[in-house]
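See below for the structure under consideration.
The values are calculated or read from the model by the stated rules, or taken from the named source; none is laboratory data. This one's a predicted model, so the numbers in the text were calculated from it and none came from an experiment. Every residue, glycine as well, gets a Cβ built from its backbone with ideal geometry; the counts of neighbours run over all protein chains shown. The accessibility values were calculated without ligands, DNA or RNA, using every heavy atom of the protein model including side chains. Shrake-Rupley method; radii C 1.70, N 1.55, O 1.52, S 1.80 Å.
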Amino acid sequence: YLFFLSPEDTAFAQRFARKARLKEGDRVIGLNTGAGGVFANKAWTEEGYLELIRKLKKEPKTRVLLLGGPGERERNRRILRKAGGAVIDTGCENTLGQFAGLIDLCDLVVTGDTTAMHLAIGLKKKVIALFGPTCAQEIELYGRGEKVVSPMSCAPCYRRKCETSPTCMEAITAEEVMSKIKGLTPR
């Protein structure tokens, strides 16, 4: 499937890219940290994202955009504070079209089973899609990415509450995600 941006949302993204000093030749990776609140543990862990940011920081010409909506405001603030300037905040108050425009700036998006995942696929971006409580087999990436599926035997479960420890998303490692990134965007 495909998603088309409005001229206004494209212009918004271009202004953001100039302000963030994104340059031609930069590898831009978006990290969409949230995943809605319907299913327990649908979002990857903050520590997982922070460990991935530490790994990405070592990659030459790699810029990392922190993506999210209003539900990720506090989560992204914590990640920004702990990441120590290694990520670029895109804000959490963008319209859906503006959010899509920001995703369009990315070469690759790391996300759970979310709106951001579907937008990235529709915008023909490379995607690393993380699956825990939802079913990876229900999602088609159209050759645009890789799935990281939790190794937990109880996943997928679609539960609204979970008392398993570690959780399915805690079982996904930054090393595994980084390996998938390197496979899709060799440097």
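Shown is the FRET efficiency for Ala11 and Tyr142, computed with R0 = 22 Å from the Cβ-Cβ distance and rounded to the nearest 0.05: 0.20.
For the chain, the longest principal axis of the alpha carbon atoms and the long axis of helix 174-184 meet at an angle near 50°. Relative to the dominant Cα principal axis of the chain, helix 7-19 is inclined by about 80°. Considering all C-alpha pairs of the range 8-111, those separated by over 23 Å amount to 22%.
Using a 10 Å cut-off on Cβ atoms, rank the peptides 55-61, 1-7 from the highest mean neighbour count down.
Details: 55-61: 13.6, 1-7: 11.1.
Per-residue Cβ counts within 10 Å, averaged per peptide and sorted highest first, yield 55-61, 1-7.
Taken as Cα centroids, the range 2-25 and the range 30-87 sit 20 Å apart, rounded to the nearest whole angstrom. The listed residues Lys161, Lys124, once ranked by accessible area (1.4 Å probe) with the largest placed first, stand as Lys161, Lys124.
List the relative contact order of the chain as a percent without decimals, with contacts defined as Cα pairs under 8 Å and 6+ residues apart. Write down the numbers at each step before the final one.
Values: 329 pairs, mean separation 48.4, N = 187.
After rounding, I find 26 percent.
The label point for Lys82 and the one for Ser179, both projected 7 Å from the Cα toward the Cβ, are 2.3 nm apart. Candidates Ala11, Thr33, Gly48 compared by Cα position along the dipole of the range 1-48: farthest toward the positive end lies Ala11, with charges placed on Cβ.
The angle between the Cα long axis of helix 46-57 and the main principal axis of the chain comes to about 40°, on a 0 to 90 degree scale.
Please go through the residue pairs Lys55/Lys180; Lys42/Lys182; Lys42/Lys124 and name each one whose alpha carbons sit more than 20 Å apart in this structure.
Working: Lys55/Lys180 13 Å; Lys42/Lys182 24 Å; Lys42/Lys124 23 Å.
Exceeds cut-off: Lys42/Lys182; Lys42/Lys124.
What you get for the chain, charging only the Cβ of Lys and Arg (+1) and of Asp and Glu (-1), is a dipole of about 640 debye around the Cα centre. The calculated P(r) of the chain, using every Cα pair and 5 Å bins from 0, goes 1, 8, 18, 22, 22, 16, 8, 3, 1, 0 in percent.
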